[in-house]
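Accompanying notes for the structure given below.
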Amino acid sequence: MAGPTQHNYAVLALLLIALPCYKAISTDTHGHQHHGINSLHFALFQHETINKTGYIVVNGVAGPGISQTTTPFGTIFVFQDPMTATANPSSKVIGIAEGTSITSGFDGLRSISVAKITLRLKQHIGSISIVGVTHNVKPSDHPVVGGTGDFLFVQGYVRSSPVNLKGLTVTYKIEFHLYWPPFAAKTS
Ligand SMILES: *[C@@H]1O[C@H](CO)[C@@H](O)[C@H](O)[C@H]1NC(C)=O
């Protein structure tokens with residue numbers, strides 16, 4: 001039977017073998033594959049048109065009123081927004097973001113968001129699910145909680161930043177930073 005000391009040496013040896021591999025992948029900037037560990041970094045633009053792709057379904061109860069950037073605390077908003085390749089809303093639709101946000105800041109600027117983002121990229125088709133707090137006028141990061149299809153087991157985060165908040169259609173830049181853990185390495 002291996003004693004505690006032998007066990008520790010075995011763990012240390014494993015770490016020493018594994019570390020250089022992780023270091024090699026940490027410099028990835030665009031979709032790369034090394035030793036079965038993938039990462040993918042890209043951006044899309046989400047367009048939301050009030051009363052067309054997004055609706056208030058429950059009115060809030062406190063705080064500022066409805067404006068271009070604020071909604072009363074407790075407002076439930078549901079959306080199904082196109083995500084395009086460039087900031088131009090008529091550029092190619094690459095993804096669909098469907099979900100809900102509930103105003104959770106008394107300043108009317110923050111909301112809990114839950115969304116499924118269906119993606120049709122050149123090499124990857126599937127969806128990712130995100131959850132987190134969106135700030136209406138500042139960049140905010142949302143952890144990726146899972147995925148389907150080619151995005152099964154994906155981890156990482158999605159950064160949402162306002163691009164245009166004026167007019168009936170508001171646009172957000174959505175940056176994806178996705179990582180496949182080793183056990184989810186694509187075999188195709
Ligand atoms: C959206 O629809 C609601 C409910 O009909 C209405 O009160 C609101 O003014 C509309 N908003 C815009 C910007 O058209």
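Values quoted throughout were computed directly from the atomic coordinates according to the rules given, and no laboratory measurement underlies them. Every value quoted in this text rests on a predicted model; they were computed, and no experiment measured them. FYI the Cβ positions are ideal-geometry reconstructions off the backbone, even for glycines, and counts take in every protein chain you see.
What the table below lists for this structure:
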read-out: Prolate/oblate/rounded call for the range 139-188, Cα gyration tensor, a/c under 1.5 rounded; value: prolate
read-out: Mean Cα-pair separation over length for the range 30-184, i.e. relative contact order, pairs under 8 Å, 6 or more apart, %; value: 22 percent
read-out: Amide hydrogen neighbours beyond the local backbone of V133, cut-off 5 Å, H modeled; value: S113
read-out: Note, ³J(HN,Hα) from phi for the range 92-98, Karplus 6.51, -1.76, 1.60, rounded to Hz, x at Gly and Pro; value: 4, 7, 10, x, 10, 10, 10
read-out: Highest average packing first - 79-92, 151-164, Cβ atoms within 10 Å; value: 151-164, 79-92
read-out: All aspartates and glutamates inside 16 Å of K116 as judged from Cα atoms, apart from same-chain residues fewer than 8 positions distant; value: E48, D81, E98, D141, D150, E175
read-out: Residues I56, I128 arranged by fewest to most Cβ contacts within 10 Å; value: I56, I128
read-out: Built amide H within the under 5 Å cut-off of I94, gap 5+; value: M83, T84, A85
read-out: Prolate/oblate/rounded call for the range 36-91, Cα gyration tensor, a/c under 1.5 rounded; value: prolate
read-out: Cα gyration tensor, the range 30-184 - rounded (a/c under 1.5), prolate or oblate; value: prolate
read-out: Vicinal HN-Hα couplings computed from phi for the range 133-139 (Karplus, 6.51 cos²θ - 1.76 cosθ + 1.60; Hz; Gly/Pro x); value: 9, 9, 9, 5, 10, 10, x
read-out: Amide H partners (placed H, <5 Å) of G126, local residues excluded; value: L119, L121, D150
